[in-house]
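Notes for the one structure printed next.
The numbers here are math on the coordinates, done by the rules we state, and not lab data. A quick note: this is a predicted structure, and the numbers were derived from the prediction, not measured. We place every Cβ from the backbone using ideal geometry, glycine too, and count neighbours over all the protein chains shown.
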Amino acid sequence: MVETREVLDVQVDPWRCTRCGACLAVCPTYRVLGRETESPRGRLALARAMSDGRLEPGAHTAELAYRCALCAACNNACPSGLQVDHILLGLRSQLASHDLLPDALKRLQSAIAQKHNILGEEQQSRALWYEGDGMGDRINKQAEIVYFVGCVSALFPSGYALPQQTVRLMKASGLDFTILGGEEWCCGYPLVLNGREDAVADIARNLVRHVQALGAKTLVTSCPSCYHAWKHIYPEIVPDMKLEVLHVSELLVRQIREGRLKLQQVPPMTVTFHDSCDLGRRSKVYEPPRELIQAIPGIKLVEMRDNRANALCCGGGGNMESAAPKLVEEASARRLQQAVETGATAVVTACPQCRRTLTGAARRGKVRMRVMDLAELLAKAVPE
Amino acid sequence: MTLTDSVLNELREIVGAEWVLTAPEDMLCYAYDGTFSEGHPDAVVLPASVPEVQAIVRLANREGIPIIPRGMGSGLAGATVPFEGGIAVTLTRMNRIIEIDPVDMVAVVEAGVITGDLQSEVEAKGLFFPPDPSSLKHCTIGGNVACNAGGPRCLKYGVTRDYVMAIQVVLADGRVMRVGTRTAKNATGYSLSHLFISSEGTLGIVTEVTLRLLPLPRSVQTALAVFPRLSDASETVTAVLQAGIRPVTLELMDETAIRCVEDYLHLGLPLDAEAILLIECDGEESQVASEIASVARLCQEHGASVKTASAKKDRDDLWRARRAISGSLARQRPNKLGEDIVVPRHAIPAMVARLKEISREFDVPIVIFGHAGDGNLHPNMLFDRRNPEEWARVQKCTAAIFEASVELGGTLSGEHGVGTLKRPYMSMAMDPVALETMKVIKQALDPLDILNPGKVVTE
């Protein structure tokens with residue numbers, strides 16, 4: 001019998017790619033462009049060539065390495081169990097250490113370093129979504145729960161409804177929660193995606209200290225990327241972190257199951273649910289959002305062709321919106337098309353970035369499909 | 001060979017600068033297929049139309065530049081690896097399903113259509129395109145035709161060749177040829193379209209294919225039979241086929257395949273079993289039920305324990321072990337070389353026995369699985385190519401496998417093609433006159449040897 005190797009070795013070694021091509025079928029950038037160089041198998045070829053010196057780190061390689069949404073659909077398709085996203089992050093890390101980060105991502109990096117948010121705006125902008133909304137007593141107060149709003153929810157006015165409705169649902173559930181307001185920092189995940197995981201350590205230590213000083217036991221996020229950072233990256237940096245990390249869908253499912261949040265009948269509507277890569281494939285949270293949708297009387301849930309572990313990425317991940325905006329537009333149009341094929345009138349997201357990306361696709365393509373966050377849908381069933 | 005700036009500029013004029021790739025990164029990414037073989041092209045060109053393909057071929061013809069036609073690069077014989085440089089002509093942008101006609105029961109598709117996409121489209125209309133290579137989600141119809149792709153379902157339904165009614169092909173001089181019709185019968189002249197099936201891009205570039213469709217079977221049932229002894233499994237294959245049952249699939253896994261999968265997935269497969277057969281029947285529900293009951297009875301009579309399933313989810317569970325073989329192998333050793341021998345049905349037990357002897361003789365682990373019902377086996381050798389001594393043994397082992405297959409009345413490839421990896425063994429498997437005739441045809445259609453040189457027959 002042949003020897004069995006450690007599975008871990010297999011997962012992150014680009015030389016273990018058998019080049020079968022199974023990843024091509026599921027890759028959002030390959031499906032848009034049809035070019036091997038823009039596919040997971042191609043990216044692994046570049047990682048191999050870089051590792052044995054056949055390819056010198058250069059600007060074009062960097063451009064290619066950052067034209068990937070890091071959606072991890074390839075991991076799921078790989079018969080050899082390769083963690084392609086980890087290998088690509090390693091490649092990005094090598095390129096970043098050679099100062100080859102594309103300009104747009106350098107700007108992103110300095111925005112986070114200097115202003116603690118992805119847009120490089122003044123931190124007071126984080127307070128705009130709740131101005132005049134009676135949140136005064138819920139900023140940086142001692143509380144059971146800290147709701148970590150996230151840059152995308154707090155800084156893009158078109159998405160303000162997301163944190164506004166989330167807060168309304170948490171209040172309706174009678175939860176003891178606070179937010180960090182202008183003192184919230186970017187979680188640092190965009191730096192990880194840039195290949196600069198080293199730069200996250202200080203951010204993680206600061207945020208964990210801040211949140212724990214408020215006496216919180218639970219940290220809740222709307223953004224799946226913040227969730228992934230808090231849930232999977234921070235505990236490695238701050239091993240004594242004592243916070244339960246929940247996505248807002250997990251928190252709200254508990255409120256419904258335990259009877260604290262009551263949902264009323266809404267006008268009949270058929271919706272479909274778009275799995276975010278960081279919440280789905282990366283964190284395996286597939287069912288709580290679906291359970292919430294199905295708990296609303298009057299709402300019918302239908303699935304897209306590619307769902308859960310096989311969900312097609314909207315293109316909004318991996319910092320690709322900064323590095324290759326055009327490619328994101330094409331990828332999001334494909335995903336929106338899958339939503340249209342279900343016959344649903346709305347696509348529900350559980351990620352502010354997916355919501356932005358798909359909203360953009362609907363607007364550009366003049367597609368009659370509403371894009372809304374889970375919190376916005378649920379709020380319809382909770383009277384003011 | 002390096003392409004001159006003027007050639008590259010002409011290519012850019014033909015397809016647009018965006019679709020001519022020359023960066024070192026691109027050359028690395030178009031240097032391989034689904035095997036370990038590597039050879040860099042000098043440029044990659046992605047045409048979007050037949051006139052663009054023609055113009056590229058005319059240019060290559062004039063300049064004597066090799067052309068390597070390819071789709072998604074999932075081939076398993078090194079047929080699309082540009083060993084001599086040249087232009088990798090990639091047809092993935094030509095991916096329109098032009099027509100699905102439920103009356104004539106045909107589909108007309110461009111070469112770059114993904115096989116699985118076509119299947120989904122026709123199945124939504126109650127139609128059926130049976131060939132199901134395991135790469136169906138990541139391979140193209142053009143490649144399927146060029147390599148005469150098969151798959152598990154080919155036991156009942158035949159291979160790609162059986163579904164090609166007409167093709168459009170760009171010849172080496174740049175002319176377009178249409179052969180075949182969308183009629184059920186055709187006895188008009190030479191069957192030229194068949195000449196291009198299995199030609200692996202050495203005779204022309206297939207750009208459009210008219211495919212025969214069938215009605216979608218209404219019902220499918222699956223049986224999984226675990227045999228303590230391999231010889232009993234082999235006899236069961238014969239018994240099932242002789243009982244007048246024509247299953248869709250009749251897949252075999254040997255004990256090594258069973259152990260690799262169990263190591264990987266812990267499905268609870270019995271490690272003392274020597275073989276598993278996975279048998280599927282399709283058609284009208286009542287007929288399928290009676291066939292699968294007969295299959296189960298025959299398996300039991302030959303000492304097997306049997307599970308059957310009809311719901312999609314339960315059938316998927318039964319297929320899990322078979323589908324996981326490939327992945328489980330990659331976890332064992334860094335490289336694998338999967339052969340594709342095919343022997344007459346009666347010779348399957350003898351072939352399996354020979355493979356076990358060969359594995360011992362050369363000390364190379366060989367995992368055996370494949371389509372037992374049609375004699376098409378995939379012995380997979382596991383090794384580390386970075387070890388020269390091990391690689392030398394693998395090469396000897398490969399030659400021994402081919403010799404055994406040919407001795408038993410079989411041949412080198414059932415569904416993967418010859419490419420470069422099997423080319424050295426062609427004289428072993430082919431009648432010398434047939435081989436000479438193939439070379440004459442190649443010379444007549446491609447006198448300058450620009451189309452995929454060094455593949456199938458040419459040196």
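Assorted remarks:
- Sites listed here are trypsin sites (Lys or Arg not before Pro) in region B:302-386 whose DSSP assignment is loop and whose Cβ has at most 15 other Cβ atoms within 10 Å: B:385, B:386.
- Applied to region B:217-233, the Karplus parametrisation 6.51 cos²θ - 1.76 cosθ + 1.60 on θ = phi - 60° returns per-residue 3J(HN,Hα) values of x, 7, 8, 9, 9, 10, 10, 10, 10, 9, 10, x, 10, 4, 4, 5, 5 Hz, with x for Gly and Pro.
- Cα long-axis angle, helix B:388-407 against chain B (0 to 90 degrees, to the nearest 10): 70
- Cα-based shape type of region A:7-100, given that a ≥ b ≥ c are square roots of the gyration tensor eigenvalues and the cut on a/c is 1.5: oblate
- For the segment B:133-141, counting C-beta atoms of other chains within 10 Å of every residue's C-beta and taking the mean gives 3.
- DSSP bridge pairs, chain A: antiparallel proportion in percent, nearest 5: 0
- Rg/Rh, computed from the Cα trace of region B:333-417 with Rh as the Kirkwood radius, has the value 0.96.
- Going by neighbour counts of Cβ atoms within 10 Å, the residues B:427, B:120 line up, fewest first, as B:427, B:120.
- Contact order normalised by residue count of region A:7-100, Cα under 8 Å, 6+ apart, percent: 39
- Angle of helix B:432-445 to the longest C-alpha principal axis of chain B, folded into 0 to 90 degrees and rounded to 10: 40°.
- Contact order for region A:337-379, expressed relative to its length and based on alpha carbon pairs under 8 Å spaced 6+ residues apart, stands at 46 percent.
- Protection proxy ranking of A:226-233, A:197-204, by the mean of other Cβ atoms within 10 Å over each peptide's residues and highest first, is A:226-233, A:197-204.
- Using a cut-off of 30 Å between Cα atoms, the listed pairs B:156/B:442; B:125/B:185; A:262/B:312; A:284/B:313 include B:156/B:442; A:262/B:312 as exceeding that distance.
- Placing one equal scatterer on every Cα of the protein assembly as shown and applying the Debye formula, the log10 ratio I(q)/I(0) at q = 0.05, 0.08, 0.11 Å⁻¹ is -0.30, -0.77, -1.32.
- Debye log10 I(q)/I(0) for region B:5-90, one point scatterer per Cα, at q = 0.16, 0.26, 0.27 Å⁻¹: -0.55, -1.34, -1.41
- Counts of other chain beta carbons within 10 angstrom of each beta carbon in peptide A:21-28 average 5.
- Trypsin sites (Lys or Arg not before Pro) restricted to region B:152-253 and DSSP loop, no more than 13 other C-beta within 10 Å: B:175, B:185, B:218
- Relative contact order (percent, whole number), chain B, Cα cutoff 8 Å, 6+ residue spacing: 15
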